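Q: Next up is a structure, given as structure tokens.
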Amino acid sequence: MDLSPTAIRRAREKAAERGVSARFEIADALELPRRAVVFDTVIDSAVLHVLDAEDRAKYVAGIASVLRPGGVCHLICFSDRQPGSWGPRRFRADELHAAFGDGWAIDSLTADKFHLNPFHGVHEAHAWLATITRK
């Protein structure tokens, strides 16, 4: 799900090109509980770190509402290991554990990197890559 019709169109095209069966929908990530669908997998590519604390809790609850028990959320977000002050909010590992506390199991949390379009001369940023299962 994404707010951008262009992003969804490209995702559908790429899935078709690769022979992958996947469902993509235009939707607001903060309105997930209103969806009458359930998924096996959710992929969060740089959404969580742009949300404030209130919206973050709403978002995690929304993911839980559309992810079947035993389903997996794969998430990547900016890490507190990233130096400087530009860019989105950086997450500490303990904050991810707190955000996905009750009803979730963090299966893995790995230090990784985002590859970025050049911004202030930076081509990559430190990130957390997480695999999280809904209980």
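The values are calculated or read from the model by the stated rules, or taken from the named source; none is laboratory data. Keep in mind it's a predicted model, so treat the numbers as computed, not measured. A quick note on method: Cβ atoms are made from the backbone with ideal geometry, for glycine too, and the neighbour counts reach across all protein chains shown.
Q: So in region 112-124, with the set limited to residues that are touching a Leu at 6+ places or on another chain (Cβ under 8 Å) and either at pLDDT 90 or above or within 18 Å of Gly70 (Cα to Cα) (or both), which one is surrounded by the most Cβ atoms within 10 Å (Cβ to Cβ)? Spell out the reasoning first.
A: Applying the first criterion (touching a Leu at 6+ places or on another chain (Cβ under 8 Å)) to region 112-124 yields 112, 122-124.
Still in the running and either at pLDDT 90 or above or within 18 Å of Gly70 (Cα to Cα) (or both): 112, 124.
Working: Asp112: 14, Glu124: 12.
Ranking the candidates gives Asp112 first.
Q: What residue, among those in region 26-62 that are part of a helix (DSSP H, G or I), among the hydrophobic types (A, V, I, L, M, F, W, C) and in contact (Cβ under 8 Å) with a residue 40 or more places away in the chain, is surrounded by the most Cβ atoms within 10 Å (Cβ to Cβ)?
A: Of the residues in region 26-62, the ones part of a helix (DSSP H, G or I) are 29-34, 48-50, 53-62.
If we keep only those that are among the hydrophobic types (A, V, I, L, M, F, W, C) as well, we get 29-30, 32, 48, 50, 53, 57, 60-61.
Restricting the remaining residues to those that are in contact (Cβ under 8 Å) with a residue 40 or more places away in the chain gives 48, 57, 60.
Numbers: Leu48: 27, Ala57: 12, Val60: 22.
Once the filter is applied, the top-ranked residue is Leu48.
Q: I'd like to check something: does region 75-84 contain any residue that is free of Cβ contacts under 8 Å to residues at least 40 places away in the same chain and within 15 Å of the chain's Cα centre (by Cα)?
A: No, region 75-84 contains no residue that is free of Cβ contacts under 8 Å to residues at least 40 places away in the same chain and within 15 Å of the chain's Cα centre (by Cα).
Q: Here's a follow-up. I'd like the full set of residues that are among the small types (Gly, Ala, Ser), under 21 Å from Thr131 (Cβ atoms) and in a loop (DSSP other than H, G, I, E, B), limited to region 2-20.
A: Within region 2-20, no residue meets the criteria.
Q: Please find, within region 87-135, the residue that is farthest from Phe39 (Cα to Cα) out of those that are in a strand (DSSP E or B) and of a type in the set (Lys, Arg). Before the answer, list the steps.
A: To start, the set of residues in region 87-135 that are in a strand (DSSP E or B) comprises 91, 104-119, 122-134.
Pick out the ones that are also of a type in the set (Lys, Arg) and you get 113, 134.
Numbers: Lys113: 27, Arg134: 11 Å.
Result: Lys113.
Q: So, one more: Can you report the number of residues in region 99-126 which are without any contact (Cβ under 8 Å) to a residue 12 or more places away in the chain and touching a Cys at 6+ places or on another chain (Cβ under 9 Å)?
A: Within region 99-126, residues that are without any contact (Cβ under 8 Å) to a residue 12 or more places away in the chain and touching a Cys at 6+ places or on another chain (Cβ under 9 Å) number 0.
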